[in-house]
Amino acid sequence: HTRDVSIRLLNKEFSVDLIPAYRDGETSRTTLFNKRSGSALDTDVARHIHLVTNSGRQQEICALKIWRERRSLDFPSFYLELIVLRALGSERFGQLADNILAVLRYFSTRFEQAVVADPANSRNLLSSDLSANDKQAIAKAARDALYDENWKKILW
């Protein structure tokens, strides 16, 4: 399967996403192709990995990715990760359930208007990768989850 910036290889037991890219040998700058926009992007994938890995929010990110997949939402992973980090900027660590609800509240009220840029290259606006309809679907799914209040239905 081709995705926005990666190719997903499926095996019986697991799947692997490969990102075809060109990395500048002198710096950590990376050029990759965004299928959605049809253009090359200059960024720093190592910086992205470092940002998410050192955020302390991996559990929340994983839970929201499960939510995204269960709802079949069109929501690129890195964009979702940055929104989770933004939504949890002032929230306490170690409060998984409360933090997931905080992110869902952010999705339901502020997500559609949020401008999200690539932290490695502010010219790359991740928020422009989704249509208004896609953003509305994400906000509606978040509102539905908040009203449901049943964790089995929210995540599983």
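The values are calculated or read from the model by the stated rules, or taken from the named source; none is laboratory data. Here the structure is a predicted model, which is why all the values come from computation and not from measurement. Note that we place each Cβ from the backbone using ideal geometry, even for glycine, and neighbour counts take in every protein chain shown. Please note that ligands, DNA and RNA were not included when accessible areas were found on the heavy atoms of the full protein model with its side chains. Shrake-Rupley method; radii C 1.70, N 1.55, O 1.52, S 1.80 Å.
Among the residues of segment 62-79, none qualifies, meaning not one is over 27 Å from Ile154 (Cβ atoms) and modelled with pLDDT under 90. Residues in segment 59-77 that are open to solvent by 20 Å² or more (accessible area, probe 1.4 Å), without any contact (Cβ under 8 Å) to a residue 60 or more places away in the chain and within 19 Å of Val116 (Cβ to Cβ): Lys65, Ser77. Restricting attention to segment 26-58, the residues that are among the hydrophobic types (A, V, I, L, M, F, W, C) and loosely packed, with under 15 Cβ neighbours inside 10 Å total 3. Within segment 99-149, how many residues are in contact (Cβ under 8 Å) with a residue 12 or more places away in the chain, outside any loop (DSSP other than H, G, I, E, B) and open to solvent by less than 70 Å² (accessible area, probe 1.4 Å)? Total satisfying the criteria: 27.
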